[in-house]
Each structure stands twice: as structure tokens, then as C-alpha cells.
């Protein structure tokens, strides 16, 4: 997914890159694994959530943090780590975009992070949570008809 902050700040729910194998088969339930920050540069920057689970269980650095890397080559090349932040932290790209870890939850499977990308002066949307729990719809309240009410009064 490409992030372009010219249209405002964007918050995205991401799952841990090491848990990619747990990605939902249903497209509407899939989480983002990597974000490309549109910066008009020959050195694109990417954001990911580096959960220390699955294939990333033995990370050497940035366990359970939101990371930013920069592609510095042409064709196939290794990206370089530019920074990482824990929940509540933020870092600034070389083009001045602000990347923040709004929340991180490693107690759920897959681990989740809400990441906001914005420009200075923009406010992150608050519609992202690090939970996939859907509150159940309350059971309907039974409707008491006037006849049932009348019968219950008569029987008393």
C-alpha cells in the first residue's frame, strides 16, 4: 500500500511481518504488511511492523516495533534501516513525513499495530485500534404486547 500524505494523515492497521502466514484468505479482512511512503524521491521509504513472532521470532533488533527502511539501490538491493519506534513513539522521514506507532498489541494473533503517516500540522485519524474484537450486537429486548401485559395483571 502506498501512503500519500498530500490528502491528509492516514492511519493503517498492520500485522506483524513475521506472521504473514496467518493472513486472512478473505480480502476484506487482510491487514497491511508494508507501507510505501510516497515521497517523490529515488529512495523510497517503507514502514513495517516487526513483530517478534513466526519467521521473525529471533530478531536481532527492533523486536515488536514499527520500523522504517529506505531502498538505496537500483534493481535488487538491500534496504537500510532508518529507524524504529515503540507504541506512542514517532520518527521523521528524510522528506519530513512523521511516522508514529499509535498502538501495538502482541497479545493477539497475529500481532497488530496501528501506524499513522502524516505531515507536520496534520492530525492522525482515531479510527484505528489494535484489536480485532468485534463487540457483539446486544440481544433484542422482548416486546411485551398489551394483551400479555393485561393477562399478567389479571393473573396477579
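The values are calculated or read from the model by the stated rules, or taken from the named source; none is laboratory data. Everything numeric in this text was worked out from a predicted model, so none of it was measured. Positions of Cβ are backbone-derived with ideal geometry, glycine not excepted, and every protein chain shown enters the neighbour counts.
Limited to region 67-80, what total is found for residues that are farther than 21 Å from residue 114 by Cα, in contact with a strand residue (DSSP E or B) (Cβ under 7 Å, 6 or more places away or on another chain) and either loosely packed, with under 15 Cβ neighbours inside 10 Å or at pLDDT 90 or above (or both)? Show your work before the answer.
Keep residues of region 67-80 that are farther than 21 Å from residue 114 by Cα, which gives 71-80.
If we keep only those that are in contact with a strand residue (DSSP E or B) (Cβ under 7 Å, 6 or more places away or on another chain) as well, we get 71-72, 77, 79-80.
Next, from what is left, pick out any that are either loosely packed, with under 15 Cβ neighbours inside 10 Å or at pLDDT 90 or above (or both): 72, 77, 80.
Adding up the residues that qualify gives 3.
I'm trying to understand the selection: among the residues of region 34-66, which are touching a strand residue (DSSP E or B) at 6+ places or on another chain (Cβ under 8 Å) and either modelled with pLDDT under 85 or more than 22 Å from residue 94 (Cα to Cα) (or both)? I'd like the intermediate steps shown before the answer.
Within region 34-66, the subset touching a strand residue (DSSP E or B) at 6+ places or on another chain (Cβ under 8 Å) is 34-39, 43-51, 56, 59, 61-66.
Matches in region 34-66: 38, 39, 43, 44, 51, 56, 59, 63, 64.
Are any residues in region 74-103 within 16 Å of residue 51 (Cβ to Cβ) and touching a residue at least 60 places away in the same chain (Cβ under 8 Å), and if so, which ones?
Residue satisfying the conditions is 102 alone.
Please give the strands (runs of 3 or more DSSP E) falling wholly within region 1-118 in which 2 or more residues are under 16 Å from residue 130 (Cα atoms). Quick ask: steps written out before the conclusion?
Working: elements: 10-15, 34-37, 45-50, 65-71, 79-85, 90-92, 98-105, 112-118.
Output list reads 10-15, 45-50, 65-71, 98-105, 112-118.
What about residue 83, is it buried (at least 17 other Cβ atoms within 10 Å of the Cβ) and in contact with a helix residue (DSSP H, G or I) (Cβ under 7 Å, 6 or more places away or on another chain)?
On the way: buried (at least 17 other Cβ atoms within 10 Å of the Cβ): yes; in contact with a helix residue (DSSP H, G or I) (Cβ under 7 Å, 6 or more places away or on another chain): no.
It is false that residue 83 is buried (at least 17 other Cβ atoms within 10 Å of the Cβ) and in contact with a helix residue (DSSP H, G or I) (Cβ under 7 Å, 6 or more places away or on another chain).
Can you name the condition, by its number, that residue 132 falls short on among (1) within 14 Å of the chain's Cα centre (by Cα); (2) at pLDDT 90 or above; (3) over 15 Å from residue 35 (Cα atoms); (4) surrounded by 14 or more Cβ atoms within 10 Å (Cβ to Cβ)?
Residue 132 satisfies every listed condition except (2).
Listed residues 40, 18; which is under 22 Å from residue 76 (Cα atoms), over 14 Å from the mean Cα position of the chain (by Cα) and exposed (fewer than 11 other Cβ atoms within 10 Å of the Cβ)? So that I can check it myself, show each step before the final result.
On the way: 18 fails: exposed (fewer than 11 other Cβ atoms within 10 Å of the Cβ).
Sole residue among the options that is under 22 Å from residue 76 (Cα atoms), over 14 Å from the mean Cα position of the chain (by Cα) and exposed (fewer than 11 other Cβ atoms within 10 Å of the Cβ): 40.
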